[in-house]
Structure formats: C-alpha cells, structure tokens
C-alpha cells in the first residue's frame, strides 16, 4: 500500500465530516469533532501547515477510519 497523501487540517476536517463527524467544540487551535453514530471524538489542530503522517494516522485511529476509507473520502 502506498503512503498516505499529505493533507491540510482543513482537508482532514472535510474528510471527517464526510465520515459522519460533526463539530463538537473548539478550544484554542484544536477543533473537536464527534461522531454520534460511533460515539467517537477526535481533534484536529488547525494551522497553516500540512499534517504530519504520524498525526494523520493517530486522527484516523481515533476516528475509527482505515487508510483505504480515508482515501475514498478524500
């Protein structure tokens, strides 16, 4: 399997919203998203740079999404 594509925090939020997450709240630069169906919460740091792959993998793990599902939603 190929490496994850680099995405901005804005793109990651868009993918999570397509996966059923809704904005829960924001504290500083961190946006918290909640999925009512899966009862999962994850956070995304909103800044100007691309997300690092390790951070992306952790967000996907918290969200319960596989890399394949992430690519489809992108």
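None of the figures in this text is laboratory data; all of them are computed from the coordinates on show. Values in this document were obtained by computation on a predicted structure and should not be read as measured data. Note that we place each Cβ from the backbone using ideal geometry, even for glycine, and neighbour counts take in every protein chain shown.
Only residues that are farther than 12 Å from residue 63 by Cβ and assigned to a strand (DSSP E or B) were counted across the stretch 33-46, and they come to 1.
Under the condition of being within 12 Å of the chain's Cα centre (by Cα) and part of a strand (DSSP E or B), which residue from the stretch 20-32 is surrounded by the most Cβ atoms within 10 Å (Cβ to Cβ)? Checking each candidate, the answer is 31. Scan the stretch 4-13 for residues that are outside any loop (DSSP other than H, G, I, E, B) and closer than 13 Å to residue 59 by Cα and the total you get is 4.
Looking only at the stretch 35-63, residues that are loosely packed, with under 15 Cβ neighbours inside 10 Å, touching a residue at least 12 places away in the same chain (Cβ under 8 Å) and farther than 19 Å from residue 5 by Cα come to 4 in all.
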